[in-house]
1. Could you please rank 116, 91, placing first whichever residue has the fewest other Cβ atoms within 10 Å of its Cβ?
2. Between residue 57 and residue 95, what FRET efficiency comes out of the Förster formula 1/(1 + (r/R0)^6) with R0 = 30 Å and r the beta carbon distance, rounded to 0.05?
3. Cα extents of segment 75-119 along the three principal axes, largest first, in whole Å?
4. Tally Lys and Arg at +1 and Asp and Glu at -1 over the other residues with C-beta under 12 Å from the C-beta of residue 112: what net charge comes out?
5. Give me a comma-separated list of calculated 3J(HN,Hα) values for segment 81-91, in order, Karplus coefficients 6.51, -1.76, 1.60 applied at θ = phi - 60°, integers in Hz, x for any Gly or Pro.
Amino acid sequence: MILRPMVGYAVNKRREAYSFLQILERKPEYDEAHGPKRLAILFLFADGIATYDALFCQARNKLEPFAILLHDQIKPTYLLVDYNTKPWRDYTKLEDVAGDHGGMHDMPRYLHKNKYVNL
């Protein structure tokens, strides 16, 4: 996908940045084979769990995000991973926990645990 920033995207310009919205637009010379016409990315400098809860659990509409990127030095204890994807490094599948169907395509997902966290 070849994208360029759109003119006039919203940015919070406070010195201690909290969030901003970046909208990327596909170059006019490319068609749908190169990805969507526009892609909006919301950057939030906030607690990931509280933000996910506020945006996708408490909202009246039940939208699901296409993707979530967590950028932090602290990895969660558990990850829920779709059957056809790979977990993050240092996570192992909990074999004694049954998978559960879910997500947009209702695929089986399995619980993985960070091997460096002892509970």
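1. The fewest-first ordering by Cβ neighbours comes to 116, 91.
2. 0.55
3. Principal extents (largest minus smallest coordinate, Cα): 32, 19, 13 Å.
4. +4
5. In residue order, the calculated couplings are 10, 5, 4, 9, 10, 10, x, 5, 4, 6, 10 Hz.
Read-outs: derived from the displayed coordinates by stated rules, not from any lab. Keep in mind it's a predicted model, so treat the numbers as computed, not measured. Reconstructed Cβ throughout: ideal geometry from the backbone, glycine too, with neighbour counts over all protein chains shown.
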